[in-house]
Amino acid sequence: MSRTKAVIALGGVTLIAGAAGCALGMLSAPASGAELRRRLAWRAEEEWKGLSRAGRACMIRAVSLAREELKRRQAQVRATLDAG
């Protein structure tokens with residue numbers, strides 16, 4: 001068998017296997033397309049809410065750390081001015 005025929009045969013087998021997998025997946029799917037889209041939309045919204053909460057918590061922590069550092073630096077400057 002020539003190389004070209006082997007590549008064509010492999011491509012054909014790949015297409016047939018893909019079509020068979022797609023058909024089996026559709027036959028064994030636990031929900032309809034509309035139900036699956038609804039679930040995916042709900043899950044995406046829940047993930048977005050979780051990311052928003054995590055982002056807010058991260059920003060609150062960053063602001064808190066920045067304020068602590070600013071107070072520490074202010075104390076250092078005051079101590080240097082008082083000493084000097």
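All of the numbers you see were taken from the coordinates with simple rules; none came from a lab. These numbers were taken from a predicted model, which means no experiment stands behind them. FYI the Cβ positions are ideal-geometry reconstructions off the backbone, even for glycines, and counts take in every protein chain you see.
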Note on the stretch 15-40: residues among the charged types (D, E, K, R) and touching a Leu at 6+ places or on another chain (Cβ under 9 Å) are none
Matching residues in the stretch 58-84 - criterion: being among the polar types (S, T, N, Q) and within 28 Å of the chain's Cα centre (by Cα): 64
